[in-house]
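What follows is one structure encoded as structure tokens, with my remarks underneath.
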Amino acid sequence: MHPTVSELYSQLRLPVICSPMFIVSGPELVIAQCANGVVGSMPSLNARPQEQLSPWLTQIETALADLRAREPDRIIAPYAINLIIHTSNDRVDSDLEVCAQHKVPIIITSLSAPHRVVDAAHNWGGKVFHDITTVRHAEKALEGGVDGLILVTAGAGGHAGTTNPMALVGEIRRFYDGPLILSGAISRGDDIAAARAMGADFAYIGTRFIASTEANAVEGYKQTIVDSGSKDILYTPFFTGIPGNYLKPSIAAAGLDPDNLPTVDKSSANFGSSRKKAWKDIWGAGQGVGNIESVQPVADIVAQMESEYRASLQRIGSDHFSRQEALL
Ligand SMILES: Cc1cc2nc3c(=O)[nH]c(=O)nc-3n(C[C@H](O)[C@H](O)[C@H](O)COP(=O)(O)O)c2cc1C
């Protein structure tokens, strides 16, 4: 097993990295995720103004250190911060500086190739995992020295790719045996087992945690996730300039017709600190919504995922499928 994978496994209760989500992930959610043995994360841009980032990191570190002191045998996962590398994000350097001061254990980079972030993070002993949606992006990220790849496949919440997860994992595993993290509509423990069976080391999960008590989302958003199925998810570039998955009911509630949105130009993408508030009531979510049945505390979500994951492994392990039976 790759050293980074075994090192992380030793700090986790489940092979799960919770994904960073714009607005939704804050210190409360990250602390709950790490405290329950799965990597918690948030985008640096959620801390506004920029000066808020360092106090938030201190809050996370202090809460986890207190818990570690109180419960020395508890599995407490490391946390991760997401840096969005895009020309419109004028905070990358200042946010990276704060991450360096705090020696953030894991940096998750999205959009452009993260070369300079990799050098900086390695200086303080941090790991960098980079989001990709295609084989070409994966190759470029590996040339830049990243420590792991996050495969954002079809059906994922936020800016999802369009490739089938089995196709992408298989193709990337042909040339890469390092840490591989799979995302896209993973809601249950069975899905985590499926990701592992496919060849991924970790599942990367976002939408399931929007429907958690600790998520920074209004009740209507959480309940719409519980009430929705994959048919209620629309993939469109309309809101950010880059295609992403959104809840159709929130688009309709904003007075737009989800089935007739105008086309937009990719150059309108904006991830800066001045990112438009115009679409704050448009709710992002992946196709895994149909497998989310209730809003629960993170502790209960992880406990349920763990029992489903173990049951799934047992079911597959005891599968007495044989050629002879198949022919019957
Ligand atoms: C509401 C929402 C906001 C997101 N914001 C970000 C973000 O700011 N940065 C990022 O790298 N990914 C973001 N993502 C994508 C997630 O990191 C991840 O790829 C996705 O949640 C995984 O798929 P799932 O939601 O189906 O589990 C967001 C996803 C959602 C649902």
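Readers should treat all values here as calculations from the given coordinates under stated rules, not as data from a laboratory. This one's a predicted model, so the numbers in the text were calculated from it and none came from an experiment. Note that each Cβ is placed from the backbone with ideal geometry, even for glycine, and that neighbours are counted across all protein chains shown.
Assorted remarks:
- Shape annotation for the stretch 42-191: C-alpha extents along the principal axes are 43, 38, 26 Å, from largest to smallest.
- Spatial extent of the chain: Rg and Dmax, with the Cα atoms as the point set, Å: 19.3, 67
- Segments 64-77, 145-158 sorted - mean Cβ within 10 Å per residue, highest first: 145-158, 64-77
- Under the span-like rule (Cα at least 24 Å along the axis, Kyte-Doolittle mean at least -0.5), DSSP H helices of the chain: 53-70, 298-317
- The share of alpha-carbon pairs in the stretch 116-265 lying farther apart than 20 Å comes to 56%.
- Part-to-part distance (alpha-carbon centres) for the stretch 1-50 and the stretch 169-228, which is given in Å: 12
- Net length available on complete extension from ALA299 to GLN52 is 86.3 nm, with 0.36 nm assigned per residue and the Cα-Cα distance removed.
- Highest average packing first - 303-309, 47-53, 187-193, Cβ atoms within 10 Å: 187-193, 303-309, 47-53
- Residue separation of MET198 and TRP124 scaled by 0.36 nm, minus their Cα-Cα distance, works out to 23.4 nm of gained length.
- Farthest toward positive dipole pole in the chain [+1 Lys/Arg, -1 Asp/Glu at C-beta], among ALA303, PRO258, GLY220: PRO258
- The GLN11 and LYS280 beta-carbon pair, evaluated with R₀ = 25 Å, returns a calculated FRET efficiency of approximately 0.10.
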